[in-house]
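Engineer: First the structure, then my questions, so here it is.
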Amino acid sequence: EGVKLWGGRFASGPAEAMAALSASTHFDWVLAPYDIAGSRAHARVLHRAGLLSDAELDGMLTALDTLAEDVASGAFTPTIADEDVHTALERGLLERAGDELGGKLRAGRSRNDQVATLFRMWLRDAARRVVTGTLDVVDALVAQARRYPDAVLPGRTHLQHAQPVLLAHHLLAHAQSLLRDVGRLRDWDARTAESPYGSGALAGSSLGLDPEAVAAELGFASSVDNSIDGTASRDFAAEFAFALAMLGVNLSRIAEEVILWNTAEFGYVTLDDAWATGSSIMPQKKNPDVAELTRGKAGKLIGNLSGLLATLKAQPLAYNRDLQEDKEPVFDSVAHLELLFPALAGMLGTLTFHTDRMAELAPAGFTLATDIAEWLVRKGVPFRSAHEAAGECVRVAEARGAGLDELTDDELAAIHAELTPDVREVLTVSGSVSSRDAKGGTAPPRVAEQRDRLVERAAAHRAW
Ligand code: ARG
């Protein structure tokens, strides 16, 4: 038999199917430590408002300590009759403090302001775990960028060979987007650091309780300005789900490339055995399952965001029971990411890159054509004509199955008067890469600077 929160008005308890539909302890029990922290803070403001004596406050805090220990040890667990985590813990408190004292804690609060507050607390802690995991992936990318400072590969647009770039530059591009995901979670955290506790069911409390004191004790920067908003809004949950979905999408783009790079056709990488799987029938197979699961989970994260937004849409103010559906999608996104981070960091950090293969492909497909055009521009030729001349170089070379660096002096001269044989100086991959030396470019010194700045920012995020 659970605690009846609304005994007075009702002659009978809920029907069995009603209780089964209503129950949430199978997922909201993770909020229990936060609920107890909220109860401690609430007991203190009741005491300060003169609604608990010194002795009652002592008794209440002692009972809450015992309850916290019993929850942590597993000695106290919810039952089917408890409905939700808040009700279960109220039963636990009444069992420990007695009905008389335990019954005083509910004054001036509602499960509506409780759950809105505890959910924010859980998410704020989860955000820190997600940041740590994301930084582990960033570290793996940076380690590879350091391991292969000079390796080149054909940079691509439209998946076609475009211009040669440093592998380190490419890997750091992924790290940049992950650091923005981290930044997004930190921005989100600042917005979410407002405590709804004290909002009551929706209208606030008449008992002279101090919401700012509760907020401070629970680690919030302040309490909410509007009790209706405090209990009804879940944009913090949707924004969190978005930040995780975006992160999932960014991880998925890395994963997709690893999958491509690991094919026989690309042949850029070999996966470490510890981070690959075999086939039950084809003995030769070594599959990139970590990358594929990363790609797959991004879909779940997007779905969790969409589902939550659909739940929130069209809910009138203030609290509606629909809001109980807010927790599972974000809990699920966090759980999937926490599984993913160590595996993805492990897989990325142990990739072997085949730098010869990548170097061989770097100039293929006339990726140095832009270098001819820009070389002509540096000699004073207008870019329009330079672009056309470089295009003609490609056409002539392609027609006789040669590379751009294999065009004869005569062929060059026939294409454009300014195309003297010394153009071949820029017709090497390393010459091309080194020439892109403005900030943000792929020249090795610029990439090293970029890496150092990124490492500094990552370290600052670690200290969050
Ligand atoms: N378990 C509910 C939730 O997660 C909180 C309880 C509020 N219930 C209510 N009937 N007002 O949103």
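The values are calculated or read from the model by the stated rules, or taken from the named source; none is laboratory data. Given the structure is predicted, the values throughout are model-derived calculations rather than measurements. All Cβ positions, even for glycine, are placed from backbone atoms using ideal geometry, and neighbour counts span all protein chains on display.
Engineer: Can you give me the number of residues within region 69-94 that are assigned to a helix (DSSP H, G or I) and without any contact (Cβ under 8 Å) to a residue 12 or more places away in the chain? Let's see the steps before the verdict.
Structural biologist: Residues of region 69-94 assigned to a helix (DSSP H, G or I): 69-73, 80-82, 85-94.
Now restrict to residues that are without any contact (Cβ under 8 Å) to a residue 12 or more places away in the chain: 69, 73.
Counting residues in region 69-94 that are assigned to a helix (DSSP H, G or I) and without any contact (Cβ under 8 Å) to a residue 12 or more places away in the chain gives 2.
Engineer: So, one more: Let me confirm something: among 84, 70, which residue is surrounded by 12 or more Cβ atoms within 10 Å (Cβ to Cβ), within 40 Å of the chain's Cα centre (by Cα) and within 16 Å of the ligand (Cβ to nearest atom)? Please lay out each step first, then the result.
Structural biologist: Numbers: 70 fails: within 16 Å of the ligand (Cβ to nearest atom).
Being surrounded by 12 or more Cβ atoms within 10 Å (Cβ to Cβ), within 40 Å of the chain's Cα centre (by Cα) and within 16 Å of the ligand (Cβ to nearest atom) holds for just one of 84, 70, which is 84.
Engineer: Quick one: would you say residue 387 is assigned to a helix (DSSP H, G or I) and either within 16 Å of the ligand (Cβ to nearest atom) or more than 30 Å from residue 125 (Cα to Cα) (or both)?
Structural biologist: Values: assigned to a helix (DSSP H, G or I): yes; either within 16 Å of the ligand (Cβ to nearest atom) or more than 30 Å from residue 125 (Cα to Cα) (or both): yes.
Answer is yes for this residue.
Engineer: Among residues belonging to region 361-401 that are closer than 19 Å to residue 156 by Cα and hydroxyl-bearing (Ser, Thr, Tyr), point out the one that is surrounded by the fewest Cβ atoms within 10 Å (Cβ to Cβ).
Structural biologist: Checked region 361-401; the qualifying residue surrounded by the fewest Cβ atoms within 10 Å (Cβ to Cβ) is 370.
Engineer: Continuing with the same structure: Of the residues that sit in region 106-128 and are touching a residue at least 24 places away in the same chain (Cβ under 8 Å) and more than 16 Å from the ligand (Cβ to nearest atom), which one is farthest from residue 82 (Cα to Cα)?
Structural biologist: It comes out as 128.
Engineer: Checking residue 249 against (1) among the aliphatic types (A, V, I, L, M); (2) over 29 Å from the mean Cα position of the chain (by Cα); (3) surrounded by fewer than 18 Cβ atoms within 10 Å (Cβ to Cβ), which test does it fail?
Structural biologist: Single failed check for residue 249: (2).
Engineer: Yes or no: region 420-439 includes at least one residue that is touching a helix residue (DSSP H, G or I) at 6+ places or on another chain (Cβ under 6 Å), part of a loop (DSSP other than H, G, I, E, B) and farther than 30 Å from residue 182 by Cβ.
Structural biologist: yes
Engineer: Looking at 332, 356, which one is within 16 Å of the ligand (Cβ to nearest atom), assigned to a helix (DSSP H, G or I) and of a type in the set (D, E, K, R)? Show your work before the answer.
Structural biologist: Working: 356 fails: within 16 Å of the ligand (Cβ to nearest atom).
Of 332, 356, the one residue that is within 16 Å of the ligand (Cβ to nearest atom), assigned to a helix (DSSP H, G or I) and of a type in the set (D, E, K, R) is 332.
Engineer: Does residue 97 qualify as being of a type in the set (Gly, Ala, Ser), assigned to a helix (DSSP H, G or I) and within 16 Å of the ligand (Cβ to nearest atom)?
Structural biologist: On the way: of a type in the set (Gly, Ala, Ser): yes; assigned to a helix (DSSP H, G or I): yes; within 16 Å of the ligand (Cβ to nearest atom): no.
It is false that residue 97 is of a type in the set (Gly, Ala, Ser), assigned to a helix (DSSP H, G or I) and within 16 Å of the ligand (Cβ to nearest atom).
Engineer: Could you figure out which of (1) of a type in the set (Val, Ile, Thr); (2) in contact with a Leu (Cβ under 9 Å, 6 or more places away or on another chain); (3) more than 22 Å from residue 132 (Cβ to Cβ) isn't true of residue 224?
Structural biologist: With (1) of a type in the set (Val, Ile, Thr); (2) in contact with a Leu (Cβ under 9 Å, 6 or more places away or on another chain); (3) more than 22 Å from residue 132 (Cβ to Cβ) applied to residue 224, the lone miss is (2).
Engineer: Additional query: For region 241-275, which positions are under 23 Å from residue 170 (Cα atoms), touching a Pro at 6+ places or on another chain (Cβ under 7 Å) and of a type in the set (Gly, Ala, Ser)?
Structural biologist: Hits for region 241-275: nothing passes.
Engineer: Inspect all residues belonging to region 278-289 and state whether any of them is of a type in the set (S, T, N, Q) and either under 24 Å from the mean Cα position of the chain (by Cα) or in a helix (DSSP H, G or I) (or both).
Structural biologist: Within region 278-289, not a single residue is of a type in the set (S, T, N, Q) and either under 24 Å from the mean Cα position of the chain (by Cα) or in a helix (DSSP H, G or I) (or both).
Engineer: Please work out which one of (1) part of a helix (DSSP H, G or I); (2) in contact with a helix residue (DSSP H, G or I) (Cβ under 8 Å, 6 or more places away or on another chain); (3) not β-branched (Val, Ile, Thr) is the condition residue 17 fails and give its number.
Structural biologist: (2)
Engineer: Quick one: residue 117 ticks every box in (1) polar (S, T, N, Q); (2) surrounded by 22 or more Cβ atoms within 10 Å (Cβ to Cβ); (3) not in a helix (DSSP H, G or I) except a single one, so which number is it?
Structural biologist: Condition (3) is where residue 117 drops out.
Engineer: Being farther than 26 Å from residue 199 by Cβ, aromatic (Phe, Trp, Tyr) and assigned by TED's automatic domain parsing to the domain that holds residue 92 is the requirement here; does residue 76 meet it?
Structural biologist: On the way: farther than 26 Å from residue 199 by Cβ: yes; aromatic (Phe, Trp, Tyr): yes; assigned by TED's automatic domain parsing to the domain that holds residue 92: yes.
When the stated conditions are applied, residue 76 passes them.
Engineer: Moving on to the next point. Picking from 156, 191, which residue would you name as being outside any helix (DSSP H, G or I), assigned by TED's automatic domain parsing to the domain that holds residue 323 and free of Cβ contacts under 8 Å to residues at least 60 places away in the same chain?
Structural biologist: Details: 191 fails: outside any helix (DSSP H, G or I).
Step by step, each of 156, 191 is checked, and only 156 is outside any helix (DSSP H, G or I), assigned by TED's automatic domain parsing to the domain that holds residue 323 and free of Cβ contacts under 8 Å to residues at least 60 places away in the same chain.
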